[in-house]
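Nothing in this text is a laboratory measurement; each read-out follows from the coordinates by a stated rule. None of the values given here were measured: they were computed from a predicted structure. Every residue, glycine as well, gets a Cβ built from its backbone with ideal geometry; the counts of neighbours run over all protein chains shown.
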Amino acid sequence: MIEILNINLVWLFVIASYLITFSSLAFLYFRSVKKLSAITYVEVSKEEDIKRFSKTSIQKI
Amino acid sequence: MFGLQNPKTFFNFSSSNIFWLKVIFLLTAIVGLFFALIISPKDYLQQDAVRIMYVHVPSSWISLFIFAVIGFSSFLSLIFKIRVFSVYAKSLAPIGLVFAFISLSTGSLWGYPTWGTFWTWDARLTSMMILFFTYVLYVVLWRWIEDYFLAEKITNIIGILGCINLPIIRYSVDWWNTLHQPSSITISSAPTIHASMLFPLLLMFFSFCILSLLIFLLRYKYEIISFRNKFND
């Protein structure tokens, strides 16, 4: 009986680990999808992007 | 850098590859789970508790690797003044945070049946917890500091300083007497675990890497768009 309980307890920890892992990753994935779908995309040119993402051109931003 | 430091190139790359990354992740995760939970053998000592390894070890590797990338990107952003690297780091941080959380929580669940305790102030566990809180600090500062450029500078410094902890985590099991076992897989020597366990471990690692890349691309797109919108006005 104790052996059966021990096996079940170990499997409980195994299942809990997989549930924590996949629920955390699913939460992160769906949160990222939600954030991305909630934001409006504005098309800009390659030159504009280079200008924006260069630190040396902070003043121009 | 293959043009990927250009946001638009990376943006187009991410848009066209997200679908295939989802497909690869799902396939590898299903096969990986099948091997990890059913096919792979029990450990002679730990019995079925060893199956926690297949999620715990890849999560630990990825959380360490992501912080190394954050540190490198922060360095490039701070020294060479290339803004896009801080956007990379900002997009990666929540992923690393979640993997560090998974590593700590699954490690704790693995510890109880093998060591008889959920937690001990062991060098490996403590240094991993420090990494987790470094991630928390990094993510929280980006949220709390309203001035984008100030937040960028401070988080870059945290990203660089946080890297000091990485070799401590890696070598903690060699430098101190720890309850945590030494590494079974290293780059310099042959793995000490059997192929029947190594295969699902590497498969789960590959699967988590694909998912990390997928989430990173989504978050990177979000950060690029929000940055553009913020400074468009």
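When the convex hull of the C-alpha atoms of chain B is computed, what volume per residue in Å³ does it have? Intermediate values should be presented prior to the final figure.
On the way: hull volume 31.7 nm³, N = 233.
Value for chain B: 136 Å³ per residue.
Along the charge dipole of the range B:65-191, which of B:166, B:66, B:98 sits closest to the positive end, that is, farthest toward it, with unit charges on the beta carbon of Lys, Arg, Asp and Glu (+1, +1, -1, -1)?
Value: B:66.
If exposed means no more than 11 neighbouring beta carbons inside 10 Å and the site is in a DSSP loop, what's the longest run of chain B without any exposed chymotrypsin sites (Phe, Trp or Tyr not before Pro)? Intermediate values should be presented prior to the final figure.
Details: sites that count: B:2, B:44, B:121.
Segment B:122-233 is the longest.
Determine the dipole magnitude for the range B:129-231: charges of +1 sit on the beta-carbon of Lys and Arg, -1 on that of Asp and Glu, nothing else is charged, the reference point is the Cα centre, and the result goes in debye to the nearest 20. Please list the in-between numbers first.
Values: 7 positive and 5 negative charges, 52 e Å.
Using Cβ point charges on Lys, Arg, Asp and Glu, the range B:129-231 gives about 240 debye.
Using Cα pairs under 8 angstrom and six or more residues apart, how large is the relative contact order of chain B, in percent?
33
Over 20 Å between C-alpha atoms is what I'm after, so list which of A:34/B:22; B:22/B:42; B:90/B:153; A:35/B:221 land there. Don't skip to the answer; put the middle values down first.
Values: A:34/B:22 16 Å; B:22/B:42 30 Å; B:90/B:153 12 Å; A:35/B:221 10 Å.
Violating the 20 Å Cα-Cα cut-off are B:22/B:42.
From the square roots a ≥ b ≥ c of the eigenvalues of the alpha-carbon gyration tensor of the range B:20-144, which class results: rounded (a/c under 1.5), prolate (a/b over b/c), or oblate? Please report the intermediate quantities before stating the final value.
Values: a/c = 3.09, a/b = 1.56, b/c = 1.98.
Oblate, since a/c reaches 1.5 and b/c is not below a/b.
In nm, to one decimal, how far is the modelled label at residue B:16 from the one at residue B:179, with both set 7 Å along Cα→Cβ?
In this crude spin-label approximation the distance works out to 5.2 nm.
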